[in-house]
Amino acid sequence: MDQAVIKENMKTLLHAQQGELDAVLMYNKLAEVVSDTDALVFKQLAAEEGQHASVFHNYTLTVLKPKKMKSILIPFLYKMLGRNKAYHLIANGEYSAGKKYKTIVGTFSDVQSVLDDEFRHGDMVKALLNK
């Protein structure tokens, strides 16, 4: 494999790993400010995002720490913009992550399950709006 491709793949994997770690923190913080029913879903999503971070860690072998920005911003947006807008932002973020993972799934087969979960997560968050 070309060195430039390897370097770009590693960059993508590290970015994905960071995003998954950030999502764990975000979902756990969001669970603190939403209804009990929604909180259960967000706690489940946090756990699954943690598993996703492990998938990426197996490739990067790099220990990363979650960044707090999303865990502060998303609960704030939930309070300021309301449930509908915040949940649409979150769902779109999940779908966007899934689309990004499509670029590497051919090289890293374990990423397929993560990709599938991201789209399922987006659907789960949107489904909360129908309750």
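The values are calculated or read from the model by the stated rules, or taken from the named source; none is laboratory data. Predicted model, so just to flag it, every value in this text is computed and none were measured. Positions of Cβ are backbone-derived with ideal geometry, glycine not excepted, and every protein chain shown enters the neighbour counts. Accessible surface areas use protein heavy atoms only, side chains included; no ligands, DNA or RNA. Shrake-Rupley method; radii C 1.70, N 1.55, O 1.52, S 1.80 Å.
Of the listed requirements (1) touching a residue at least 24 places away in the same chain (Cβ under 8 Å); (2) open to solvent by 20 Å² or more (accessible area, probe 1.4 Å); (3) not in a loop (DSSP other than H, G, I, E, B), residue 53 misses just one: (2).
Within the stretch 29-43, being assigned to a helix (DSSP H, G or I), without any contact (Cβ under 8 Å) to a residue 60 or more places away in the chain and open to solvent by 70 Å² or more (accessible area, probe 1.4 Å) holds for 29, 36, 40, 43.
Applying the criterion of being in a loop (DSSP other than H, G, I, E, B) and in contact (Cβ under 8 Å) with a residue 12 or more places away in the chain to the residues of the stretch 57-73, the residue that is surrounded by the most Cβ atoms within 10 Å (Cβ to Cβ) is 66. Among the numbered conditions (1) hydrophobic (A, V, I, L, M, F, W, C); (2) closer than 26 Å to residue 10 by Cβ; (3) open to solvent by 40 Å² or more (accessible area, probe 1.4 Å), the only one that residue 108 does not meet is (3). Screening residue 114 on (1) of a type in the set (A, V, I, L, M); (2) surrounded by fewer than 19 Cβ atoms within 10 Å (Cβ to Cβ); (3) under 13 Å from the mean Cα position of the chain (by Cα) shows it passes everything except condition (2).
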